[in-house]
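S.K.: Following this message is one structure expressed as structure tokens.
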Amino acid sequence: MSQVTIGLEIRAHDGPGVLHQLTGVMAQHDADITSVAILQSDPGTSHLYFEVRMAALVDVLLADLRALPIVVEATATSTMQRVFGKRIIIMGGGAQVGQVAIGAIMEADRHNIRGEHISVDTIPLVGEKPLAEAVRAVGRLPRAKALVLAGSLMGGEIEKAVREVRAQGLLVVSLNMAGSVPDAADLVVTDPVQAGVMTVMAIADTAKFSVDRLSRRVF
């Protein structure tokens, strides 16, 4: 039987063992949990989101979940991959972040109307420690495919964090700035708008651009 990946949005009475009961039902249906998030909840109620891969007997799973005394509501939804797709994270100085975002959003729009799903997230940050922490956190974000570091000076602990997330498979693009981060990045681009455009092209399935095929990596 064919496998499908679906989202499950569940509201349940709050208390110990909620996840245990919900995942127990999913295990009975051989549903492979690929993602889970505990969303903001009302007092006494847990709001949870799962993504599961399973045989296409979704209605039976939903019926068994709803039969649990703790469950208030259980519905099937589109997955975050289907709705928001791949994520590009842009961080650094506010002005540079904004310019990179302009290029990324314009290019993402061009690919999204052709069937892609690429979303762009930004966070202006300053300081070596906050930036290093944020870089490492991108490796824990679901669906994050690329990170753009937009600033004038980055190095030290930020460089170490960049090398760590690159080792995890994350594409890292850096503006051509002072510091050691450009030496650690996959791609270095001087113009921030172009950096946004090239990052989208690098992760889009609808583009023919590949960082691995470049003869040089500084532009």
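The values are calculated or read from the model by the stated rules, or taken from the named source; none is laboratory data. As the structure is a computational prediction, the values presented were derived from the model and not from experiment. Heads up, the Cβs are rebuilt from the backbone with ideal geometry, glycines too, and the neighbour counts pull from every protein chain shown.
S.K.: Residues that are assigned to a helix (DSSP H, G or I), among the aliphatic types (A, V, I, L, M) and either free of Cβ contacts under 8 Å to residues at least 40 places away in the same chain or out of contact with any Lys or Arg (no Cβ under 7 Å at 6 or more places or on another chain) (or both): does the stretch 139-149 have at least one? Reasoning before the result, please.
M.R.: Here is the first cut: in the stretch 139-149, the ones assigned to a helix (DSSP H, G or I) are none.
There is no residue in the stretch 139-149 that is assigned to a helix (DSSP H, G or I), among the aliphatic types (A, V, I, L, M) and either free of Cβ contacts under 8 Å to residues at least 40 places away in the same chain or out of contact with any Lys or Arg (no Cβ under 7 Å at 6 or more places or on another chain) (or both).
S.K.: Would you check if there is a residue in the stretch 151-166 being hydrophobic (A, V, I, L, M, F, W, C), part of a strand (DSSP E or B) and within 13 Å of the chain's Cα centre (by Cα)?
M.R.: Kept after step one, since they are hydrophobic (A, V, I, L, M, F, W, C), are these residues of the stretch 151-166: 153-154, 158, 161-162, 165.
If we keep only those that are part of a strand (DSSP E or B) as well, we get 153.
Within this subset, residues satisfying the condition of being within 13 Å of the chain's Cα centre (by Cα) are none.
No.
S.K.: Taking I102, is it in the same structural domain as R136 (by TED's automatic domain parsing), modelled with pLDDT of 90 or more and surrounded by fewer than 20 Cβ atoms within 10 Å (Cβ to Cβ)? Steps first, please.
M.R.: On the way: in the same structural domain as R136 (by TED's automatic domain parsing): yes; modelled with pLDDT of 90 or more: yes; surrounded by fewer than 20 Cβ atoms within 10 Å (Cβ to Cβ): yes.
Yes: the conditions hold for I102.
S.K.: A further question follows. For the stretch 37-47, indicate whether the set of residues that are surrounded by 14 or more Cβ atoms within 10 Å (Cβ to Cβ) and either within 19 Å of the chain's Cα centre (by Cα) or of a type in the set (A, V, I, L, M) (or both) is non-empty.
M.R.: No, because not a single residue in the stretch 37-47 is surrounded by 14 or more Cβ atoms within 10 Å (Cβ to Cβ) and either within 19 Å of the chain's Cα centre (by Cα) or of a type in the set (A, V, I, L, M) (or both).
S.K.: Look through the stretch 59-84, keep the residues that are of a type in the set (A, V, I, L, M, F, W, C) and assigned to a strand (DSSP E or B), and return whichever of them is nearest to Q194 (Cα to Cα).
M.R.: Taking the stretch 59-84 and keeping what is of a type in the set (A, V, I, L, M, F, W, C), we get 60-63, 65, 67-68, 70-72, 74, 76, 80, 83-84.
From the residues that got through so far, the ones that are assigned to a strand (DSSP E or B) too are 71-72, 74, 76.
Numbers: V71: 49, V72: 48, A74: 44, A76: 39 Å.
Looking at residues that are of a type in the set (A, V, I, L, M, F, W, C) and assigned to a strand (DSSP E or B), I get A76.
S.K.: Oh, and also: Here is a list of conditions, (1) at pLDDT below 95; (2) in the same structural domain as G93 (by TED's automatic domain parsing), and V218 meets all of them except one; can you say which number that is?
M.R.: (2)
S.K.: Take the stretch 194-219 and flag every residue that is touching a strand residue (DSSP E or B) at 6+ places or on another chain (Cβ under 8 Å), under 20 Å from R87 (Cβ atoms) and of a type outside the set (S, T, Y). It would help to see each step written out before you state the result.
M.R.: Restricting attention to the stretch 194-219, the residues satisfying the condition of being touching a strand residue (DSSP E or B) at 6+ places or on another chain (Cβ under 8 Å) are 195-196, 198-200, 202-204, 211, 214, 217-219.
Those still in the list that are under 20 Å from R87 (Cβ atoms) too: 195-196, 198-200, 202-204, 211.
Once the filter is applied, which keeps residues that are touching a strand residue (DSSP E or B) at 6+ places or on another chain (Cβ under 8 Å), under 20 Å from R87 (Cβ atoms) and of a type outside the set (S, T, Y), the stretch 194-219 yields A195, G196, M198, V200, A202, I203, A204, V211.
S.K.: For G169, which of the numbered conditions (1) assigned to a loop (DSSP other than H, G, I, E, B); (2) more than 19 Å from D212 (Cα to Cα) fails to hold?
M.R.: G169 satisfies all of (1) assigned to a loop (DSSP other than H, G, I, E, B); (2) more than 19 Å from D212 (Cα to Cα) except (2).
S.K.: If you don't mind, there's one more thing I want to ask. Give me the pairs, please: first residue somewhere in the stretch 17-30 and in the same structural domain as D59 (by TED's automatic domain parsing) and part of a helix (DSSP H, G or I), second residue anywhere and modelled with pLDDT of 90 or more and small (G, A, S), beta-carbon distance under 6 Å, and either six or more positions apart or on two chains.
M.R.: V18/A12
S.K.: Restricting to the stretch 85-99, give me the number of residues that are farther than 14 Å from M198 by Cα and part of a helix (DSSP H, G or I).
M.R.: Number of matching residues: 5.
S.K.: Just a yes or no: is a residue in the stretch 204-212 modelled with pLDDT of 85 or more, surrounded by 13 or more Cβ atoms within 10 Å (Cβ to Cβ) and not β-branched (V, I, T)?
M.R.: Looking for residues that are modelled with pLDDT of 85 or more, surrounded by 13 or more Cβ atoms within 10 Å (Cβ to Cβ) and not β-branched (V, I, T), one finds at least one in the stretch 204-212, hence yes.
S.K.: Only one of V172, V189 is under 17 Å from the mean Cα position of the chain (by Cα) and modelled with pLDDT of 90 or more. Can you tell me which? Steps first, answer last, please.
M.R.: Details: V189 fails: under 17 Å from the mean Cα position of the chain (by Cα).
The conditions single out V172.
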